[in-house]
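> Take a look at the following structure, please.
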Amino acid sequence: MCVYNLTYRASSDIYLYMTALTKKKALLAVGILNPNPERVRSDLFDGDFFDPQDRAQVKYEMLRAHSVEGDPVTDVCWQFGFSRESFYQIQQAFKKEGFSSFLPRKRGRKGPVKLKDEVLRFALQKRKENPDIDPGQLAALIREDYGIEIHRTTVMRQMKKKRRSSAERPKGRLLGRKRSGTRDL
């Protein structure tokens, strides 16, 4: 009987280890493996049901503890291993997107950002009217007039590019025709 219990216990430990390893691989593949599960101090994660390695679950329980239980933000941040800044970002994303906000997304720009000719002309006109206008102010004006979120650096780069291309283009002659007196070398 003693041998049976030892064998059974060992096999169940191996089974639990294998499922934990499989779950960890699955969480990693999906992108929600918590990089710091040791920071999760909430009593909810002491049992078998909640997993501190599941970052989506930790985020949800953190928001629930604050919203439903009424725990202060600083307490829930300490209990669940997040900064206050992260808490507010997670909360805002959850209000906007719901549960899908817990899943990872591709970071960074979603595609090339270019100003359309109309918007670029608008920015150049504003710069002409007020040469001291800041690119950040131009970006704000573009956002107000066209509803386009654009970074000030993008505005600055596009304006420089436009000025360079118009400065390089020779005026008063047709492209593709050679000037008299020039030869191919």
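> At 1.4 Å probe size, with no ligands or nucleic acids counted, give the accessible surface of D134 in Å², nearest ten.
Counting only protein heavy atoms, D134 exposes about 70 Å² to solvent.
> Here's a follow-up. Quick one: which residues, 5+ away or cross-chain, put their amide H under 5 Å from the amide H of D54? H built at 1.01 Å from N.
Hits under the 5 Å cutoff: N34.
> Taking θ as phi - 60°, what are the ³J(HN,Hα) couplings along region 133-146 by the Karplus curve (6.51, -1.76, 1.60), each to the nearest whole Hz, with x for Gly and Pro?
5, 7, x, x, 5, 4, 4, 5, 5, 4, 4, 5, 7, 10
> Enumerate the amide H contacts of G81 below 5 Å, restricted to partners 5 or more residues apart or on another chain; note that Pro and chain-start residues carry no placed amide H.
The answer is R41.
> Longer than 18 Å from Cα to Cα, which of K126/K160; K106/K160; K128/K160; K23/K95; K116/K160 are they? Say none if no pair is.
Correct reply: K106/K160; K23/K95.
> Same structure again: If DNA, RNA and ligands are ignored and the probe is 1.4 Å, what is the ranking of D132, D117, D54 by accessible area, most exposed first?
On the way: D132 135, D117 100, D54 25 Å².
So the residues, ranked largest to smallest area, are D132, D117, D54.
> Of all the Cα-Cα pairs you can form in region 21-66, what percent are over 15 Å apart?
For region 21-66, the fraction of Cα-Cα distances above 15 Å is 39 percent.
The values are calculated or read from the model by the stated rules, or taken from the named source; none is laboratory data. Everything numeric in this text was worked out from a predicted model, so none of it was measured. The accessibility values were calculated without ligands, DNA or RNA, using every heavy atom of the protein model including side chains. Shrake-Rupley method; radii C 1.70, N 1.55, O 1.52, S 1.80 Å.
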